[in-house]
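Report on the structure given below.
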Amino acid sequence: MRFSAKECKALVLSQPRVLQTGRYKLLSTFDYLHNTVGITHTQFVQFPQVFRSSLPRIKERHQYLVKLGRVQYDPTKPEYVSLEALFKQPDEVFCKDVAKTSILESTTS
């Protein structure tokens, strides 16, 4: 995954359970978020718990944001969507605060 030694240390110290995550899950989560979504190593270090989260849920939310045209993972740009928003928030909060839609609209899409 090409994290520096400093980044690895930060990941493990802030989220030790990441070491208990299976290799396949780690690699597939990293591959999707880094190579498809464009998440940086810095963002992984900020939110290491993403490696313990549901990849199908992350994919679903990312694809929904793509459909809405609300994909913005660069923190320096307007309407920034935090990596944390893809995995941590309940669906209702995600729809209302991030996607700017209702939960009903997301189920019909």
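Computed from the coordinates by the stated procedures, all read-outs in this text should not be read as laboratory data. These numbers come from a predicted model, not from an experiment. As a convention, Cβ positions derive from the backbone with ideal geometry for all residues, glycine included, and neighbour counts pool all protein chains shown.
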Inter-label distance for Leu19 and Ser54, nm, one decimal - labels placed 7 Å from Cα along Cα-to-Cβ: 2.9 nm
Whole-number Å³ per residue for the convex hull built on Cα positions in the chain: 101 Å³
Modelled label reach - Lys88, point 7 Å along Cα→Cβ, region 1-42 residues with backbone N closer than 14 Å: 14-15
Cα→Cβ-extended label distance, 7 Å offset, between Asn35 and Thr101, nm: 2.8 nm
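Test of the criteria: in region 1-98, which GluC sites (Glu not before Pro) are in a DSSP loop and have at most 12 other Cβ atoms within 10 angstrom of their Cβ? Intermediate results must be reported in sequence, preceding the final value.
On the way: sites: Glu7, Glu60, Glu79, Glu84, Glu92; in loops: Glu79.
Taking region 1-98 and a limit of 12 other Cβ atoms within 10 Å, the loop GluC sites (Glu not before Pro) found are Glu79.
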Chymotrypsin sites (Phe, Trp or Tyr not before Pro) restricted to DSSP loop in region 41-97 with at most 14 other C-beta within 10 Å: Tyr80
Electrostatic dipole magnitude of the chain [Cβ: Lys, Arg +1; Asp, Glu -1; Cα centre; debye, to 20]: 360 debye
Between helix 55-68 and the chain: long-axis angle, C-alpha atoms, 0 to 90°, nearest 10: 40 degrees
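Given R₀ = 22 Å, what would the calculated FRET efficiency be for Ala5 paired with Thr42, taking r from the Cβ atoms and rounding to 0.05?
0.90
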Convex hull volume per residue in cubic angstrom - Cα atoms of region 1-60: 74 Å³
